[in-house]
Structure formats: structure tokens, C-alpha cells
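Following: one structure in C-alpha cells, then a few remarks.
Read the figures in this text as sums done on the coordinates, not as results from a lab. Just so we're clear, the structure is a prediction, and the values are computed from it rather than from any experiment. Note that we place each Cβ from the backbone using ideal geometry, even for glycine, and neighbour counts take in every protein chain shown.
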Amino acid sequence: MHVRQVLILIFLVIGTYNLSFGQDSNTVYYKLFIEANTTNLAMYGGSFKEGQGFTIREKEIKELQYADDDLRVFQELYDALVGGYFSIDFGALDKDIIMKMYLRNLDTETGTYKPLGEDENTLFAYFEIRIIEIPDSTYSPDDTVFPDSSYFMESNSYYFTEGKYARLVLPKTERFLNFLDKAGIARNDSLSFAFLQNEDWDTTDTNFEKTKDWNGEGIEIIDTEDSVTFKAIHLSKVGGGRGRIHKERSVVGIKYYPTIPKDFQLEQNYPNPFNPETRIKYSIPNSAKRKNTFVKLDVYNVLGTKVKTLVNENQRSGTYEVSFDATDLASGVYIYSLQNNNAVLTRRMILIK
């Protein structure tokens with residue numbers, strides 16, 4: 001190899017290293033709000049770098065003078081979230097952002113949630129996250145001067161870089177479980193979350209209610225004995241409740257069983273054939289070299305085209321069960337493929353409609 005080629009190779013390696021590891025991570029400036037019909041209360045805020053996050057801390061909601069809404073009814077919900085950790089993956093952002101998080105949809109007169117779900121799947125919580133992209137790197141909001149839409153344009157649907165996520169890990173504290181009891185949700189019920197994708201006025205409704213389209217695409221729920229994790233590819237209006245929030249589309253859910261399997265395994269889905277939902281169970285053995293193993297679970301059609309990614313993250317050893325909803329797919333044979341750092345396992349399943 002000539003000296004010139006060696007120099008070019010060294011330059012490329014150093015350049016790649018700088019791009020991958022030398023770049024500064026972007027900053028998220030955040031503030032948490034409680035919002036009722038006519039009252040908006042700023043709780044607290046701060047900032048963190050992508051790849052990091054913040055913990056929801058203890059806070060007493062006090063009565064506001066001259067306010068039409070008594071926001072103290074939000075206290076039990078807020079207490080249930082205390083200890084939760086919100087984070088955004090490193091590399092998810094292409095610039096600094098301002099994030100405004102709202103707890104909403106609680107009737108301040110009755111202390112109950114307005115029914116945004118369907119039938120028994122009525123929501124128990126409603127969050128709205130608004131994002132402002134900061135165009136000027138010299139702009140740094142602080143806790144006293146926090147911008148609204150009069151400064152920059154707010155976005156109610158902000159997508160991250162592909163393969164990157166926001167995560168909210170909620171520990172199952174006694175206050176969290178007590179809140180589920182009050183909301184009428186059994187402690188062994190599965191929880192789910194979905195995006196409020198569309199919200200239009202129903203012209204046939206004399207009460208002028210809005211019709212709502214809830215969509216679980218892009219959300220994963222990881223439910224363990226100690227916590228429930230909400231993981232999403234973008235941030236917007238999010239609802240949470242029991243089981244499926246929308247009858248025609250359920251959220252991808254992951255259950256974790258803390259066993260230590262001996263082998264890397266992919267089981268046959270059940271039921272099979274199915275319509276439109278099925279469950280896929282797989283096992284990750286313990287590794288002496290690393291605490292976590294990168295795992296990818298994809299679904300392909302018979303032509304080899306990927307139609308869905310169910311898992312794409314690092315996971316610890318144990319057995320996992322993933323729920324899969326094929327409402328938006330046509331009948332036929334599909335292949336599901338599980339990949340870790342060293343191996344690939346595949347199986348077939350049949351969708352019949």
C-alpha cells in the first residue's frame with residue numbers, strides 16, 4: 001500500500017471516529033405542566049442531553065387563587081408518576097429542542113377522566129407533548145423565560161432519527177398501583193398507550209364532540225413485575241389505558257419473564273393461524289461478555305419485504321413475549337425473524353382473515 005493510500009485511510013478512520021464519538025449531543029430543555037379547561041400550571045423544568053433524561057420528582061399541587069379549575073385533583077395521578085424516568089436516545093435529535101409536557105383530560109369538578117377510549121378501554125391518562133425546534137444555537141431558554149407559540153412554531157408530532165426512541169419508565173410503586181385501583185384497572189391487566197393521530201369534529205353529533213383516531217403504531221410497551229415502560233418513535237398526544245385503546249389496532253406489547261434460559265430460542269407464534277393478533281415468545285441466554293444483547297425481531301412477507309419491526313433494542317437475558325397485531329396486513333404466510341449479536345432464527349406464521 002502506498003504512503004498516500006495509508007494517509008487517506010488514516011484520515012477516513014479519524015474522521016469517522018470524530019463523527020461518531022466526538023460530536024456534542026443535543027440538548028432538551030423541558031418543562032412539565034398540568035392543564036385543565038382554562039387553567040395552566042407550570043410544575044418545574046430543566047434540561048438534559050440526549051442519551052440522558054430526567055426523573056419525575058415529588059411536587060405538591062397547591063390551590064391557585066382566582067383560577068376556575070382546582071388542579072389539586074391531579075395530585076393522585078402525579079404522585080403515581082413520581083419516580084418515573086423519561087429519556088431520549090443519543091443520536092435521536094438533529095438539533096436542540098424545547099419539550100413541553102402536559103398532563104390533561106381530568107375533569108376538575110368530578111375528579112374523573114373524560115372517556116377518550118372505547119367501551120371498557122377508556123383511557124386513564126392523557127399526555128400531550130409539544131416540541132419546539134430551536135433554530136438558533138445561541139438561544140438557551142431558562143426556567144423563568146420559557147417560550148410558547150408566540151416565539152417559535154410548536155409541533156404536536158415530532159419524529160426522532162430512525163431507530164431512536166423516547167422512553168418513559170414508570171416504577172410500579174404502591175401509589176402507582178393504588179391509582180390503577182381507583183381507575184378501575186386490575187393490577188394484572190395489561191396497560192397500553194397510543195398516539196392520538198387524528199381529531200376531527202363529528203358533524204353528526206348534536207353535542208359537537210370530536211371523533212378521535214388512536215394509533216399504536218410506533219409504540220412498544222414493556223411490562224415487567226417492577227415497572228412498565230413506554231417506548232416511542234415520536235412524541236405527540238398520547239393516551240394510556242387498559243388493554244387495547246382502539247378496537248382495530250392494538251399496541252405492540254412486550255412482557256418480560258426474568259428467567260435465565262440456556263439457549264437463544266424463538267418459539268412458534270400462538271395462536272397460529274391467527275386473525276388479527278398473535279403472540280411471539282423468544283429467549284435470550286445469559287452472556288458473560290455483556291449485560292445486554294442487541295435484539296431485532298422483524299416480520300417479512302413471502303417476497304422477503306419487511307412489513308413490521310417489533311423489537312429493535314438491547315435487552316437483558318430472559319424470556320420475552322411480544323404481541324403482534326396484523327390488522328393492516330393482508331391474509332397470507334409471513335416470516336418472523338429474530339436476530340441477536342451472533343445468530344438469526346426464523347419461523348413462519350399464517351394470517352387468515
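Mind listing which chymotrypsin sites (Phe, Trp or Tyr not before Pro) in the range 39-84 are in a DSSP loop and have 14 or fewer other Cβ atoms within 10 Å? It would help to have the intermediate numbers written out before the result.
Details: sites: Tyr44, Phe48, Phe54, Tyr66, Phe74, Tyr78; in loops: Tyr66.
Here the chymotrypsin sites (Phe, Trp or Tyr not before Pro) that fit, given the DSSP loop and packing criteria, are Tyr66.
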Along the range 172-187, what does the Karplus equation 6.51 cos²θ - 1.76 cosθ + 1.60 (θ = phi - 60°) give for ³J(HN,Hα), rounded to whole Hz, x for Gly and Pro?
-> 7, 6, 5, 5, 5, 5, 5, 5, 4, 4, 5, 7, x, 10, 5, 5
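Residue separation times 0.36 nm, minus the C-alpha to C-alpha distance between Ile260 and Ser25: what's the value?
Numbers: separation 235, 0.36 × 235 = 84.60 nm, distance 3.55 nm.
Extra length available between Ile260 and Ser25 comes to 81.1 nm.
Mind putting a number on the dipole of the range 27-76 about its Cα centre? Charges go on the C-beta only, +1 for Lys and Arg and -1 for Asp and Glu, and I need it in Debye to the nearest 20.
Details: 6 positive and 9 negative charges, 69 e Å.
Taking the Cα centre of the range 27-76 as origin, the dipole is about 340 debye.
Past 29 Å, Cα to Cα: identify those pairs from Lys95/Lys231; Lys62/Lys95; Lys95/Lys255; Lys100/Lys164, in the order given. Don't jump to the answer; show the numbers that get you there.
Values: Lys95/Lys231 21 Å; Lys62/Lys95 35 Å; Lys95/Lys255 34 Å; Lys100/Lys164 20 Å.
Pairs exceeding 29 Å: Lys62/Lys95; Lys95/Lys255.
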Between Arg279 and Lys95, Cβ-based FRET efficiency (R0 30 Å, step 0.05) works out to 0.15
Linear extension gain, Ile335 paired with Thr112, 0.36 nm per residue minus alpha-carbon span | 75.9 nm
Once Ala343 and Asp181 are pulled to full extension, the length gained, defined as 0.36 nm per residue separation minus their Cα-Cα distance, is 54.0 nm
Taking a label point 7 Å from the Cα of Thr224 along Cα-to-Cβ, the residues of the range 294-319 whose backbone nitrogen sits under 14 Å from it are 314-319
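Nearest 0.05, what FRET efficiency do Tyr270 and Tyr44 give at R0 = 41 Å with Cβ-Cβ as r? Could you put the intermediate results ahead of the total?
Details: r = 46 Å, r/R0 = 1.12.
FRET efficiency, Tyr270 to Tyr44: 0.35.
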For Asp189 and Ala67, extending 7 Å from Cα along the Cα-Cβ vector and measuring point to point gives, in nm, a value of 2.8
Kindly state, to the nearest 0.05, the FRET efficiency for Gln75 paired with Lys353, given R0 = 45 Å and r defined as their beta-carbon distance.
-> 0.45
